[in-house]
Every structure is written in structure tokens, then in C-alpha cells.
1. Name the single residue that is farthest from S241 (Cα to Cα) among those in region 122-137 being touching a residue at least 12 places away in the same chain (Cβ under 8 Å) and open to solvent by 70 Å² or more (accessible area, probe 1.4 Å).
2. Can you tell me which of A46, A41, A26, A33 is more than 20 Å from the chain's Cα centre (by Cα) and at pLDDT 65 or above?
3. Given V178, V210, which one is open to solvent by less than 60 Å² (accessible area, probe 1.4 Å), touching a residue at least 40 places away in the same chain (Cβ under 8 Å), farther than 20 Å from G95 by Cβ and not hydroxyl-bearing (S, T, Y)?
4. Which residues, counting only those in region 74-95, are under 23 Å from K212 (Cβ atoms) and not small (G, A, S)?
5. Name the residues in region 213-236 that are open to solvent by 20 Å² or more (accessible area, probe 1.4 Å) and over 16 Å from the mean Cα position of the chain (by Cα), would you?
6. Any idea how many residues of region 191-207 are in contact (Cβ under 8 Å) with a residue 60 or more places away in the chain and not acidic (D, E)?
7. Among the listed residues L224, L211, L234, identify the single one that is in a helix (DSSP H, G or I) and over 23 Å from F77 (Cβ atoms).
8. For G110, only one of the following conditions fails: (1) within 30 Å of K212 (Cβ to Cβ); (2) under 22 Å from the mean Cα position of the chain (by Cα). What is its number?
Amino acid sequence: MTARQKQLLYVGAALLVVMSWTFYAADGPQTTAVLAGTVRAATLLALGAMCGMIGERSGVVNIGIEGQFLLSAFAAFTIASMTGSLFLGTVAGIGMGLIMGWMLAAMAVGLKVDQIIAGTVLNIAALGLTSFFYDRSRSLGMGKYTNIDLGPLAEIPLVGTVFFSRPPLTYLTMVLLVVVHIALFRSVWGMRTRAIGEHPGAADTVGIDVLKLRYFNVTIAGGLAGLGGSYLALEAVGTFSRAMSGGRGFLALAVMIFGRRTPFGAYAAALFFGFTTALQNQFQLNNTFDIPPQFVGMLPFVVTIIVVALSGLIGSMRDPAALGQVYEKG
């Protein structure tokens, strides 16, 4: 049995176990709620995974996705509350993500700061700033995006409610998955992006400006994380609270790795991790088996550790050759 076959076997077994627990613990409307919660949780993870993916394909590690989510969510909620416009709030969240992406690029690419430290700086800064201004934001209030039914598709039993009766940012994320896939693997930009992540010196010799492209890629990738922050504040939750990203930026990195740094693979992994999150929420709601909520809340993170560990044991896609390396233009 090949490593790839073993990987699929482990994943299939894990999915089977998780699904069995779900249908044992929930039935009828509860099952629909769990599956809808899966898509809701997967959307944020997929956006974070695409952010990290574009950066790593370019050779830049981004562990600052958590901070990008958090500060973008704060910006989106604040602007939406002040203007009364969800759209302007979403734009503000994306704009904040772009700013933070540029800051990461400035540190990691321009100033050649260690990329892990640069990402950590973003996380700490986002947590500090949002905590400082949190008391002022609590007086603000705003609604959130509502579901949009896609005609007859929304009437399909189970699947229609789960996939075709969602708010607009969820649909936008699904469109972006296709766009990013085509851009990465079917365009000149994607070819150059993968080249600077693998062999930046060779890319430089054929006329590709490695530093400029890394700047650009890390910045636009921040916009995807900014959209994730907007989604979190204005669609998934509808408010802002301290540290509301809750470690999802780090989960997004695990999703990216498990999805082999491809958009569709990342979304499949995001659905899996989102399923564990939705299952955890349902268990807590039903108080299944009288398990303390602290242990139930650990479920997504325990699954993350197990899956990433198994990926390392049975073989996974290798990292881009120049990942994390500073490039000095000759």
C-alpha cells in the first residue's frame, strides 16, 4: 500500500468515526444543524488556508493569520456599526487584512525579519489593540448577513439547506476557491508564484522580480484573511468580542497543510475540521454523555494534532524548497 493510499485510508476511517458519532448523537433537524455548522466553520478556515497558501507558495510563512482575522473582524464590526452598512464593514475588514498583509511583507520581505517572528508580532499587536479598544466597541451594535436562497437548489432535502441557503460571504468564499485554484495552477501569475517559492534564484534569472512579487502576494493574501475577519464578525457571529478568532488562524494553517496547499484540498480539510467544530457545539448544546464542556471544547484541537501527526507519519506534500528563506537579490 502506497503512502497516498494509507493517507486516504486514515482520513476515510477518521471521517467514518466522526460521522458515526454525529448521527448517533443527533438526528433530524439536529443533523441539519450540525452539517450547516460544518459549512459555517469551514468557510473561515478555508479563507485562512488560502491566505497561508498564497504566502507559502511564494516562500513566505504566515503564522499571523490569527491576528489578521482578529483585527479585521474588529475593523469590520466597528465600521459596519458606525455606518450602518454591512458592505462597508466588509470592505473595511478586507482593507485591514491588506494592511496587515503589507506589514508582514514589509517585515519578512523588505526588512528580512525572521518570518515566524514577523507573524508573531502581528498576532500580539492584533490582540493588544483589539483588547484596548474593546470596551469602546461594546456600546456598538450591528446585525449580520442573512441567508440567500439559490432558487430551487435551496429546496433540495438536506443538501439545499446546507449549501444553497447561505449568507453572501459563504458563496463568495466558494467562488474564491475556484478563482484561486485557476490563478495558482492555470495562469502566468501562478506559475511565477510557485517558481519564487521553489527556486527564487532561477526565477530571478529569467526576469521575475522575486521581492516585488512576494510583496504583492503576501499583501493580497492578507485581503483573504481580512475577508475571513469580516465573515467572522458580520456573518458567523454578528458581533465582536475579545480574542474571538479563538485559534482558528492556527487551525487554518493545519487545514492548508492537510489540504496539500491546494484550494480544493484545503476546503475538503476545512469541511472535516469544521465538522468536528460543529459536532463539538452540538455535544455541548445537548450535554451529550455529561462530558465536561472543557473536554468537549478540546475536540477540534485534538483532531488537528492527530491529523497533522498522521500526515507527517504517512507522508505529505513537501514544503516549497525556498519556504521561510530570505532571498538576497544578486
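The values are calculated or read from the model by the stated rules, or taken from the named source; none is laboratory data. On a predicted model such as this, the values are computed, not experimentally measured, just so you know. Every residue, glycine as well, gets a Cβ built from its backbone with ideal geometry; the counts of neighbours run over all protein chains shown. With ligands, DNA and RNA removed, areas are computed over all heavy atoms of the protein, side chains included. Shrake-Rupley method; radii C 1.70, N 1.55, O 1.52, S 1.80 Å.
1. The first filter runs over region 122-137 and keeps only residues touching a residue at least 12 places away in the same chain (Cβ under 8 Å), leaving 122-127, 129-131, 133-134, 137.
Narrowing further to those that are open to solvent by 70 Å² or more (accessible area, probe 1.4 Å): 124, 127, 129, 133.
On the way: I124: 16, L127: 11, L129: 12, F133: 11 Å.
Looking at the filtered set, the residue picked out is I124.
2. On the way: A46 fails: more than 20 Å from the chain's Cα centre (by Cα); A41 fails: more than 20 Å from the chain's Cα centre (by Cα); A26 fails: at pLDDT 65 or above.
Residue meeting the stated conditions: A33.
3. On the way: V178 fails: open to solvent by less than 60 Å² (accessible area, probe 1.4 Å).
The conditions single out V210.
4. Step one: filter region 74-95 for residues under 23 Å from K212 (Cβ atoms), giving 94-95.
Result: I94, single match.
5. Listed by number, the residues that qualify are L213, Y215, F216.
6. Within region 191-207, the subset in contact (Cβ under 8 Å) with a residue 60 or more places away in the chain is 193-194, 196-201, 204.
Subset that is not acidic (D, E): 193-194, 196-197, 199-201.
Within region 191-207, residues that are in contact (Cβ under 8 Å) with a residue 60 or more places away in the chain and not acidic (D, E) number 7.
7. On the way: L224 fails: over 23 Å from F77 (Cβ atoms); L234 fails: over 23 Å from F77 (Cβ atoms).
Criteria check complete, one pass: L211.
8. (2)
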